[in-house]
Structure formats: structure tokens, C-alpha cells
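Beneath this line is the structure, given in C-alpha cells, with notes to follow.
The values are calculated or read from the model by the stated rules, or taken from the named source; none is laboratory data. Fair warning: this is a prediction, and the values are worked out from it, not measured in the lab. Because the Cβ atoms are built from the backbone with ideal geometry, glycine has one as well, and the counts that use them run over all protein chains shown.
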Amino acid sequence: MDLGLTGKSVIVTGASQGLGKAIAIEFAREGAHVFISSRSEDKLQVAVQEIREMTGNKEVNYAVCDMRNENQIQSLVQKVVEKQHTVDILINNAGGPPAGQFMDMSDDDWYGAFEQNLLSVVRATRKVIPYMKKQERGRIVNITSSSIKQSIDQLILSNTMRPGVLGLTKSLATEFAADNILVNTVGPGKIATDRLMELNEKAAEKSGRSIDQINEESIAEIPLGRLGEPEEFAKAVVFLASSANTYITGQALIVDGASVKAL
Ligand SMILES: NC(=O)c1ccc[n+]([C@@H]2O[C@H](COP(=O)([O-])OP(=O)(O)OC[C@H]3O[C@@H](n4cnc5c(N)ncnc54)[C@H](OP(=O)(O)O)[C@@H]3O)[C@@H](O)[C@H]2O)c1
């Protein structure tokens, strides 16, 4: 299948490691011109070098951008447009919100999660839509969580913010369908990244059990019997963002090895 990604201008936010980086690697393999961003310049420099070497694609660049900061989002999009003339594809991603239950969270925690995981999607989307409308073509994929289908214990902030992104995704898909801008969300189940390890370490600390026990229990809940690999997740995202996807929009895809039981 031809994904039609050669030379396409792509932004992947929150991409110095983990799922964002895996997505950027797949786009680079397909010959797209990719900008990655995150808060840490050091990590971004290393990631860009690695992606260029792995894929042989030199059109991989970075810009520092904290997704909680509107000005930085604005200058990220400006930089991309200066170098690549437009934005064909936006992948909205950032770090996950802190773990915890309802009574653990202060107003600051709630505002922080809102800014990082919901308002960031609004702000970045608002900046790229004019370019996509002008060229009558665009793809946006919002990275969320399996919590858009089934709430996750100890993740009250994710359980609240992610469904907001699903609602936003559906509305954007309808509003911009006439401009041929397709908008979807992909929710990871348990994919082997630092974030998952951090959550498991926190669960071990809280329950007084060993990290190995927590990891084993976590895997036992997955019908496919293993964690997902970042590239398995990335391939689904890249397909939805590609020119090969012409009719899937407003949808939520969960990549979870059949863990979520909700329909
Ligand atoms: N892995 C899973 O199984 C899983 C499951 C459910 C949901 N998710 C969600 O999927 C997303 C990606 O997960 P992951 O596993 O790849 O996480 P990760 O390994 O923690 O990576 C997060 C990435 O986001 C960047 N980042 C963090 N906060 C940011 C901010 N405010 N602005 C810009 N960039 C930021 C980090 O780089 P810097 O430190 O350089 O900023 C890093 O590159 C997260 O939202 C996570 O909650 C993951």
C-alpha cells in the first residue's frame, strides 16, 4: 500500500522519546519531512540524530515546545511553516497526567492536566487548521489513552481529560470534513515505554509489592499476553494520518492487545 507520505510536512509533539518518537520514526521511514518537539532540547537533539541515522531521512528536525505554553506552540508551527511551507499532518501528543485518585488532586493538578492534555490539542489544532483549509487537505491524530473507552484505576486525570479529547476529535471531524481534514484519536493500552514503567513503579510503591509482581499482573490482563511495542502503536497512527486513509474520520482506535472490554 502506498501511504503517500513522501515529502509531507508532519509535526509530532511530545516526541523526544516513547510513542511520539516511535511515530516520528515511522513517518521518517516513509519519506515525510518531520518536525519533532518536546520540552527538552538535549533529548530532542539525540532523538533527531537517532531518527536520521535509523531511517536515512535527513528531513527530520526539532523545535523545543512545552505543550502547556501557547506561545511555544505558535512558534513551533511558525518554524515548521518557514522550513516546510505548510503543515499536512499534526500528531498531538504530550506526557501523561500524574497518577492518583480524586482526593489526591489539587486545583493545580486539574489545571495542569487540562492544559497539557486537552487545551494543548485545541491550541495546536487551531494553529494548523488555516494551512490545512487553504490546501483543502489535512490529517490530525490525537494521542489519548484506552481511558477514552474504559476508566483506569488511579488515573482520575486521564479518565477525565482524555474523553474530552475524544469529544473534540468527533466535533473537529464533523466541522472540517468539508475541507478534507480527517481527525481521529488513537488510544494506547499498555505499550512498553518509560511512562508505563513509571506508572508500574508508582503502583508497586503504593501497594508494597515488587515491581516484577506488578509487571506480571499488568501483562496477565492483556489477552495477547504481552505489552505492545511502540512501533506497533505508531503504525496505526501513521496509517490514519496518511493519504491511504481517505474515509476514516472522527474515530477512536484503541491499540491494546484486546485489553479493553467495553464495546
Ligand atoms: N505507554 C502507554 O502504554 C500509554 C498508555 C496510555 C496512555 N499513554 C499516553 O500516551 C502519551 C505518550 O506516552 P509515552 O508512553 O510515550 O510517554 P513518555 O515515555 O512519558 O513520553 C512522553 C513524551 O512527551 C514529552 N512531554 C512530556 N510533557 C510534555 C509537555 N508538557 N510538552 C511537550 N512535550 C512533553 C516528553 O519529552 P520531554 O520530557 O522532553 O518534554 C516525551 O517525549 C502520554 O500522554 C501517555 O499518558 C501511554
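Quick notes
- Meets criteria (under 19 Å from Gly20 (Cα atoms) and either more than 13 Å from the ligand (Cβ to nearest atom) or buried (at least 19 other Cβ atoms within 10 Å of the Cβ) (or both)) for Pro223: no
- Residue satisfying condition, being assigned by TED's automatic domain parsing to the domain that holds Leu119 and over 18 Å from the mean Cα position of the chain (by Cα), within set Ser207, Ser171: Ser171
- Counted as qualifying within the stretch 160-263 are the helices (runs of 4 or more DSSP H) with 1 or more residues that are of a type in the set (Phe, Trp, Tyr), namely 230-241.
- Residues of the stretch 83-103 include none that is without any contact (Cβ under 8 Å) to a residue 40 or more places away in the chain and basic (Lys, Arg).
- Selection within the stretch 129-152 - in a loop (DSSP other than H, G, I, E, B), within 16 Å of the ligand (Cβ to nearest atom) and in contact (Cβ under 8 Å) with a residue 12 or more places away in the chain: Thr144, Ser145, Lys149, Gln150
- Residue in the stretch 175-185 that is aliphatic (A, V, I, L, M), crowded, with 24+ Cβ neighbours inside 10 Å and either at pLDDT below 95 or within 12 Å of the ligand (Cβ to nearest atom) (or both) present: no
- Hits in the stretch 20-75 (condition: small (Gly, Ala, Ser), more than 12 Å from the ligand (Cβ to nearest atom) and buried (at least 18 other Cβ atoms within 10 Å of the Cβ)): Ala28, Ala32
- Within the stretch 85-120, restricting attention to residues that are surrounded by 17 or more Cβ atoms within 10 Å (Cβ to Cβ) and within 19 Å of Ile181 (Cα to Cα), the residue that is nearest to the ligand (Cβ to nearest atom) is Asn93.
- Listed conditions (1) surrounded by 17 or more Cβ atoms within 10 Å (Cβ to Cβ); (2) away from the ligand (no atom under 13 Å from the Cβ); (3) at pLDDT below 95 are all met by Asn200, apart from (2).
- With respect to (1) basic (Lys, Arg); (2) over 13 Å from Gly96 (Cα atoms); (3) near the ligand (Cβ under 9 Å from one of its atoms), the lone exception for Lys170 is condition (3).
- Checking Met161 against (1) aliphatic (A, V, I, L, M); (2) crowded, with 21+ Cβ neighbours inside 10 Å; (3) in contact with a strand residue (DSSP E or B) (Cβ under 6 Å, 6 or more places away or on another chain), the condition it does not meet: (3)
- Residues in the stretch 105-130 that are within 16 Å of Val12 (Cβ to Cβ) and hydroxyl-bearing (Ser, Thr, Tyr): Ser120, Thr125.
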